[in-house]
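**Student:** Mind having a look at this structure? Questions to follow.
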Protein chains: 2
Amino acid sequence: MKNLTAEAATAQKYLNDVVGDIEKNLELHLPKDSIRPQRLHEAMRYSMFAGGKRLRPVLAYTAWEAFGGQGEDIWLLTSALEMLHTFSLIHDDLPCMDDDDFRRGIPTAHKKYGEATAILGGDALCILAFELLARTGNAEIVRMVAKSLGTSGMIGGQIVDIESEGQQVELETVDYIHYHKTAALIEASLVAGALLAGATAEQIKPIHDYGNAIGLAFQVVDDILDIEQTTEQLGKDAGSDVEKGKATYPAVLGVETSKQKVLELYNESLVALETSSAQTDVLKSIAAYIITRVN
Amino acid sequence: MKNLTAEAATAQKYLNDVVGDIEKNLELHLPKDSIRPQRLHEAMRYSMFAGGKRLRPVLAYTAWEAFGGQGEDIWLLTSALEMLHTFSLIHDDLPCMDDDDFRRGIPTAHKKYGEATAILGGDALCILAFELLARTGNAEIVRMVAKSLGTSGMIGGQIVDIESEGQQVELETVDYIHYHKTAALIEASLVAGALLAGATAEQIKPIHDYGNAIGLAFQVVDDILDIEQTTEQLGKDAGSDVEKGKATYPAVLGVETSKQKVLELYNESLVALETSSAQTDVLKSIAAYIITRVN
């Protein structure tokens with residue numbers, strides 16, 4: 001674990017460096033709340049600047065950098081990916097979905113601005129994200145990201161997650177939910193960064209597989225933290241998965257086996273990177289960061 | 001009016017011809033409800049095949065044809081535009097928004113499938129639409145359509161519409177709502193068709209202005225029909241605008257002045273087409289169809 005901790009610390013330092021630029025560009029690409037419709041813009045900004053880890057933008061940036069990406073379009077991509085993630089959280093938190101009152105330590109969008117504004121604010125972030133992606137001029141990135149979000153991606157995971165609440169589910173269903181709800185967009189973020197840098201399909205394959213493994217690991221860690229951490233540590237309601245009868249790895253396999261699964265996925269992610277021709281040191285560190293995080 | 005009626009009949013005949021292909025391609029581009037997540041796919045199909053006029057796809061097709069468009073990508077565009085329109089209707093009908101129980105003569109998505117499925121089904125249609133647009137390989141179309149849908153377009157109109165309910169509003173606000181909520185996507189549909197056919201910015205200008213005029217006319221007619229028609233004729237709750245204190249043209253200017261406005265907009269749309277180098281006869285007929293429609 002010592003090695004892991006050191007790797008994670010390296011990643012944390014890298015993240016701190018990159019996140020400043022990511023934030024600056026988010027600020028730039030979100031409409032001002034002095035412009036009509038003001039309150040909706042305020043709500044979008046409220047959710048965007050509630051303090052997330054910016055993991056998807058960081059992964060896109062890192063993959064882009066690993067393939068020697070150049071130019072300013074990367075910030076369109078990082079901004080779009082964080083907007084898409086936030087859009088999914090806003091809708092996921094709604095009363096008819098997960099019904100969560102807190103997110104990142106503050107009231108969720110619908111608690112603060114009402115349901116109509118939360119739904120339309122989420123919609124607007126999703127739409128703005130596609131506008132930004134299109135501004136890269138790279139239609140393949142738009143297509144691939146959209147695919148990762150739709151019913152064969154994130155939305156598929158969200159609906160099966162909701163439909164499975166309180167049900168006795170098989171490991172296969174938990175795998176489906178985790179892969180689709182979380183891993184698909186994480187994987188797509190990495191692939192999008194590589195595509196923007198001009199990587200070929202062959203070069204992208206290892207990055208894709210890495211993304212698949214750490215994307216799954218990220219969600220299993222999330223489920224473990226929901227059990228082991230407090231609400232203060234998480235900034236959202238701890239223990240809510242158990243309370244809602246959510247289909248999670250710990251619920252199906254227990255906490256210890258789930259932790260074992262995380263380490264397996266970590267190793268898988270490193271094995272995937274071994275075949276890559278790109279500069280993947282930072283991606284390795286980020287994998288360690290993902291599996292050792294505490295919130 | 002005799003001339004108008006004849007023009008509208010010509011448009012109706014053209015629509016009948018084109019709508020078959022539009023429907024066939026929608027069927028092709030929507031995921032089957034035998035594929036996981038089945039119930040969500042079923043809900044998406046339910047709302048898509050509830051029998052709309054397919055006006056946005058028809059306009060895109062007509063503009064594309066007017067500029068001599070070739071190839072099969074037009075069906076990606078027509079399918080995407082109708083999905084975007086349906087996405088907006090599904091979310092607009094939600095209890096926290098317009099709270100409508102019927103649409104096109106059958107229960108709205110949330111009445112039939114519940115709110116979570118309705119919200120995610122709407123999200124999924126929006127995302128799938130962007131995937132289809134991106135598959136044309138034309139990033140400018142994606143960008144322009146997204147722009148027309150966001151907070152400076154359709155979503156902006158939707159939120160100001162909701163915020164204005166029961167308020168005393170100025171004509172300026174009604175104009176803002178109508179243009180953004182309805183005209184923006186109609187205009188974008190025409191421009192997208194022209195772009196896909198390879199039209200230049202200069203060639204697109206008259207089509208854009210035509211779209212702006214008939215888009216506004218379409219919404220004013222909608223507001224008049226809400227007052228003058230029955231629920232059976234409309235397939236949705238008649239009189240609901242007045243009941244909800246909606247900001248509409250008839251509410252601000254009265255029905256007669258609103259009808260006058262429709263004729264002015266019709267004339268504007270024809271004047272815009274006069275400067276076009278494209279084959280615009282069908283677009284002229286469609287303008288007549290739009291202002292004489294009864295549901």
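**Student:** Looking at segment B:6-80, which GluC sites (Glu not before Pro) are DSSP coil and have at most 13 other C-beta atoms within 10 Å of their C-beta?
**Tutor:** Answer by residue number: B:Glu72.
**Student:** Which lysines, if any, have their Cα less than 21 Å from the Cα of B:Lys13, not counting same-chain residues under 8 positions apart?
**Tutor:** Hits, sequence-local ones excluded: B:Lys2, B:Lys24, B:Lys53, B:Lys284.
**Student:** If the cut-off is a Cα-Cα distance under 17 Å, which lysines reach A:Lys246, setting aside same-chain residues fewer than 8 apart in sequence?
**Tutor:** A:Lys246 reaches A:Lys181, A:Lys236.
**Student:** Under the definition of partner shielding as Cβ atoms of other protein chains within 10 Å of a residue Cβ, what is the mean value for peptide B:134-144?
**Tutor:** Per residue, the number of nearby Cβ atoms from other chains is 6 on average.
**Student:** To make sure I understand, if each residue's beta carbon is the centre and we count other beta carbons within 10 Å, what order do B:Leu253, B:Leu26 fall in, fewest to most?
**Tutor:** Lowest to highest Cβ neighbour count: B:Leu253, B:Leu26.
**Student:** Just want the ordering: A:Glu268, A:Glu232, from fewest to most Cβ atoms lying within 10 Å of their own Cβ.
**Tutor:** A:Glu232, A:Glu268
**Student:** How long are the three semi-axes of the equivalent ellipsoid of chain B, in whole Å, if each is the root of 5 times an eigenvalue of the C-alpha gyration tensor, listed from largest down?
**Tutor:** Working through the eigenvalues yields semi-axes of 26, 26, 17 Å.
**Student:** Still on this structure, please answer the following. Take the Cα coordinates of segment B:37-115, assign each an equal point scatterer, and use the Debye formula without solvent to give log10 I(q)/I(0) at q = 0.13, 0.15, 0.20, 0.21 Å⁻¹.
**Tutor:** Calculated log10 I(q)/I(0) at the listed q: -0.47, -0.59, -0.87, -0.92.
**Student:** Starting from the exponent 0.38 and prefactor 2.2 Å, build the expected Rg for segment B:192-237 from its residue count and divide its actual Cα Rg by it.
**Tutor:** Cα Rg divided by the expected 2.2 N^0.38 Å: 1.69.
**Student:** Neighbour counts of other C-beta atoms within 10 Å: give me B:Ser34, B:Ser189, B:Ser285 arranged from fewest to most.
**Tutor:** Ordered by Cβ neighbours within 10 Å, fewest first: B:Ser34, B:Ser285, B:Ser189.
**Student:** What FRET efficiency comes out for the pair B:Glu72/A:Thr231, r = Cβ-Cβ distance, R0 = 60 Å, nearest 0.05?
**Tutor:** 0.65
**Student:** Oh, and also: Which whole DSSP H helices in chain B pass both tests: a Cα extent of 24 Å or more along the axis and a mean Kyte-Doolittle value no lower than 0.5?
**Tutor:** Once both thresholds are applied, what remains is B:74-92, B:115-135.
**Student:** Over segment A:130-216, what is the mean sequence separation of C-alpha contacts under 8 Å (at least six apart), divided by residue count, expressed as relative contact order in percent?
**Tutor:** 30 percent
**Student:** Estimate the FRET efficiency between B:Leu263 and A:Glu140 by the formula 1/(1 + (r/R0)^6), using the beta-carbon distance for r and 35 Å for R0, to the nearest 0.05.
**Tutor:** 0.15
**Student:** Please list, in chain and number order, the residues 5+ apart from A:Phe102 or on another chain whose amide H is under 5 Å from its amide H, with Hs placed from the backbone.
**Tutor:** Those qualifying (amide H under 5 Å, at least 5 residues apart or on another chain) are A:Thr108, A:Asp237.
**Student:** R0 = 60 Å: FRET efficiency of A:Asp281 with B:Lys32, Cβ-based, nearest 0.05?
**Tutor:** So the FRET efficiency works out to roughly 0.85.
**Student:** Using only the Cα atoms, what convex hull volume per residue in Å³ does the protein assembly as shown have?
**Tutor:** Looking at the protein assembly as shown, the number lands at 142 Å³ per residue.
**Student:** To continue, here is another question. Can you tell me the relative contact order of chain B? Whole percent, Cα pairs under 8 Å, sequence separation 6 or more.
**Tutor:** It comes to 24 percent, rounded to a whole number.
**Student:** Then there is this: At 222 nm, what value in deg cm²/dmol follows for the protein assembly as shown if DSSP H runs of at least 4 each add -39500 (n - 2.57) and the sum is divided by all its residues, to the nearest 500?
**Tutor:** -23000 deg cm²/dmol
**Student:** What's the average, rounded to a whole number, of partner chain beta-carbon atoms within 10 Å of each residue's beta-carbon in B:85-97?
**Tutor:** Neighbouring Cβ atoms belonging to other protein chains average 3 per residue here.
Computed from the coordinates by the stated procedures, all read-outs in this text should not be read as laboratory data. Predicted model only: the values in this text are computed from it and were never measured. No Cβ is skipped: glycine too gets one built from the backbone with ideal geometry, and neighbour counts run over all protein chains shown.
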